[in-house]
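The values are calculated or read from the model by the stated rules, or taken from the named source; none is laboratory data. Only a predicted model underlies this, so the values are computations on that prediction, with no experimental measurement involved. Ideal geometry is used to build each Cβ from the backbone, glycine not excepted, and the neighbour counts take in all protein chains shown. In case anyone asks, the SASA skips ligands and DNA or RNA and just uses the protein heavy atoms, side chains included. Shrake-Rupley method; radii C 1.70, N 1.55, O 1.52, S 1.80 Å.
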Amino acid sequence: MEVDMSVEEVLREIQQLHMNGNSLGKKSIKKSHPQLMRSALYYFPDWDSAIEKSIS
């Protein structure tokens, strides 16, 4: 699988979405930011793990 974002970019994007009050629900992100979802799942075992890492 080829990804367009680095792990740092993934974490930064999730943080930005969170700070802007956007939903971080899996279905919502998959629809609105498919590239982010693909990249996050490349680096992390699941979407929740990517969220935990980015906002911890």
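Some points to look at:
- Neighbourhood net charge (15 Å Cβ-Cβ; Lys/Arg +1, Asp/Glu -1) for W47: +2
- As a ratio to 2.2 N^0.38 Å, the alpha-carbon radius of gyration computed for the chain takes the value 0.98.
- Extension gain for K31-E8 works out to 6.1 nm (0.36 nm per residue, less the C-alpha to C-alpha distance).
- Accessible surface computed residue by residue for the chain, with neighbouring protein chains in place and a 1.4 Å probe, gives 70 Å² per residue.
- Derived scalar couplings ³J(HN,Hα) [the range 36-48; Karplus, 6.51 cos²θ - 1.76 cosθ + 1.60; whole Hz; x for Gly, Pro]: 4, 4, 4, 5, 4, 6, 6, 8, 10, x, 7, 4, 4
- Residues in the range 32-46 that a label on E52 would reach, taking backbone N under 17 Å of a point 7 Å out along Cα→Cβ: 40-46
- Expressed as a whole percent, the accessible surface of the chain that belongs to carbon and sulfur atoms is 48, based on a 1.4 Å probe.
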